[in-house]
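What follows draws every value from the coordinates through simple rules; no lab data is involved. Predicted model only: the values in this text are computed from it and were never measured. Methodologically, a virtual Cβ is constructed for each residue, glycine included, from the backbone with ideal geometry; neighbour enumeration extends over all protein chains shown.
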Amino acid sequence: MEVSEISFLRNKVVEPEVFVIEGKSFLEKMRHTSCFDLVRRIKAFINAFTEMEGKHNPDQFSSKLQGFLDEINLVIQDHSQWRDEDEVGIKKAMEALERYLLTRLYSTAFYLPTSTDAEDDESFYYRVRLLQFLQPDHLDLPKRKYNQIAFEMAAQEFSRLEEDLLKSPREKLACIINAVKIVINLLKYSTSDGGTGADDFLPYIIYLILLTSPKHIHSNLRYIRRFRRPTSMTSEEAYYLTQVESGVMFISTLDHTSLSITEEEFKRGMSEAEDKIKNGRDVPRRFSKEQGGWERLLVDLAATNPSFKERDEVLSPLQEEEKELDESKGPRLPTINDSIGFPQSENFEDEEEREGEEEEEEEEVKEMVDTATSDKMEGSSISRGQLLMATISDCLLPKLLQKKFEDMTVSELKELHNCYKTLGSRLEGLKEERPS
Amino acid sequence: MAARTGGGGSLQVKVVLLGEGCVGKTSIVLRYVQNQFNDKHIQTLQASFLQKNLTINRRRLCLNIWDTAGQERYHALGPIYYRDSHAAIVVYDITDEDSFTKAKNWVRELRKMLGDSCVLVIVGNKSDLEKNKVIQEKDAQEYAASVGAKHFYTSAKQNKGIEEMFLDLSKRLLEKEGNNSNPSSTNPSSTRRPGGITVTDDSIRTDRPSGGGGGGGGGCCG
């Protein structure tokens, strides 16, 4: 595979981080005094939604949120702050609001205790581990169209679904769509016999899910269905989401008759995996983000290179930082950002009678805006994955994929060494930019 | 589910495509959307999801065509795809009796799940292989009528019957939706089709960038 082919595979992949930037103008508009009432309603909604916790079924949570979004959609359309916006502008504002709300409500809305999400996740994860013995052949995937690197890249995108950092349904959906796009690009690239219909496509999606072995697939898929505004989803997105849902269903119910495998082989594979799990010897996931192939390629290579001795020093803080973010519940603490003007208290004249509360509210409005704008804008504006990806596709891959170290010429090794140096300095630069 | 009007007043409809593995359902859609038939060495396409924009009598329509996997092992997954469909195209191969039986199964499931709300078309493909035909026209027509569907013969290979089938489907969808959509302005490049209906083949886009909802509604089918 050449560099151009790698970038071809990532064609149309949209990093979910762009949504943060897209939502900025909405949050800035919300700072205007004319939006005070709107902000108040949003806050009241957040409180009401949080108070529903444990008392309502998933459908009620879903309709509560969807109803509120519809309500605000009408308000915004007639609001002075959005008067000049066209259909697209309103749509963007609604996307930003959806993202803001669900980021804020994540700890309530994700894993609803009144749902069966947790059990279903667990049983799916168990099943997918039992099925790790399945190979592309068992799903009749044509060998010439299968490519390990492409699949690992897709699995990496897919597994981002489980990053707690990506909280909104739109971001989670984006991870799925990105993974699917990589598979589509692979098929485009490797098919020479006409169009690829669903007959060919679905088995790839199933294999991708097996490869990724998601721990929380049901809760993620249902979270998207419950809280993503249906009118914001294009039919194409809905289609790929449905493909993944049907792939999950297939994996949950398959037996040897639904695969190209003998009954004996199937039973043996299952019982071997079962024994391993019983004896506490976990069946390794074939791909995992933590030590998965795609990133591991780089780390392995780095380990053999003396100029990269300090890689742990560079990588560990980044990993720690990601972990901290993953572990933190709810949005990150607000970063005070005084450079963006915020209405002074005298602007809220109509609130005189509630002075004490008002100050508090103002703080909260500020917090709301700051939280949303700062969230992810700083710490992880370039994620480690993105950085590695960029470097790999820039310079490392052709070497990685075409030759082993032993087979490389001196000049190729030199070039590779330079690649490491580039990566090293990029990581260093990144390290310096951050507060320790 | 009522079809919704997307950006630019185009009526968004979901059309689900069903049929056994080798009946040629993908070829039919590729022929329709891209005017391609995969005889050999034609540019590869991702054809499991395709879109086609049309203007019929000044009303704009966007067909979102959802292909489904036709292999027996995936049969149970069908209902996940039928959900919220406005129309279904069930394809069989006129030279394959089994494919017709399977088509009937799909029709039964569709009707069970969606009732009469779904516009249904049954398509006998490979009409170029007339001499090998095993499903008689009379039987097929009668069956279609009995389930409230229309029957068409198509040949993806010879590009026959496909335009007609989709046009009829689109007209029925528009009738069903009544006046829900806003008529768009007349397109000067419209062509007259038989039946006095003005049909415009709008921009053909199968490769719309849309990853992760990033599209800001820029496409006709936003």
Open item on the list: Taking each residue in B:63-72, count the Cβ atoms of any other chain within 10 Å of its Cβ, then average. What number comes out?
Closed with: 6
Task: Label point distance in nm, A:E22-A:T50, each placed 7 Å from Cα along Cα→Cβ - done: 2.7 nm
Open item on the list: Averaged across A:238-248, how many Cβ atoms of other chains sit within 10 Å of each residue's Cβ atom?
Closed with: 5
Task: the range A:19-110: relative contact order as a whole-number percent, Cα under 8 Å and 6+ apart - done: 46 percent
Task: Cα-based Rg of the range A:190-258 normalised by 2.2 N^0.38 Å, two decimals - done: 1.26
Task: Where a label projected 7 Å from the Cα of B:R108 along Cα→Cβ would reach, residues of the range B:136-171 with amide N under 14 Å - done: B:147
Open item on the list: Could you give me D for the range A:121-262, from Stokes-Einstein at 25 °C and 0.890 mPa s, where the hydrodynamic radius is the Kirkwood radius over C-alpha pairs? Units µm² s⁻¹, please.
Closed with: 159 µm²/s
Task: Average beta-carbon neighbours from other chains, 10 Å sphere, peptide A:8-21 - done: 2
- [ ] Please work out how much length the chain gains when fully extended from A:H256 to A:I277, using 0.36 nm per residue of separation minus the C-alpha to C-alpha distance, in nm with one decimal.
- [x] 5.5 nm
Open item on the list: Could you list B:F49, A:F124 so that the one with the fewest beta carbons within 10 Å of its beta carbon is first and the one with the most is last?
Closed with: A:F124, B:F49
Open item on the list: With the crude spin-label approximation of a point 7 Å out along Cα→Cβ, what separation in nm comes out for A:E71 versus A:A118?
Closed with: 3.0 nm
TODO: Just flag the chymotrypsin sites (Phe, Trp or Tyr not before Pro) in the range A:141-172 sitting in loop per DSSP whose Cβ has no more than 12 other Cβ atoms within 10 Å.
DONE: none
TODO: Using label points projected 7 Å from each Cα along Cα→Cβ, tell me how many nm separate A:E87 and A:D140, to one decimal.
DONE: 4.1 nm
TODO: With r as the distance between the Cβ atoms of B:D168 and B:L129 and R0 = 22 Å, compute the FRET efficiency 1/(1 + (r/R0)^6) and round to 0.05.
DONE: 0.45
Task: Ranked by how many other beta carbons lie within 10 Å on average, peptides A:125-137, A:11-23 from highest - done: A:11-23, A:125-137
Task: the range A:70-83 - phi-based ³J(HN,Hα) in whole Hz, Karplus 6.51/-1.76/1.60, Gly and Pro as x - done: 4, 4, 5, 4, 5, 4, 5, 4, 9, 7, 4, 5, 10, 4
TODO: Pull out a ≥ b ≥ c, the square roots of the eigenvalues of the alpha-carbon gyration tensor of the range A:96-161, then state rounded if a/c is under 1.5, prolate if not and a/b is larger than b/c, and oblate in the remaining case.
DONE: oblate
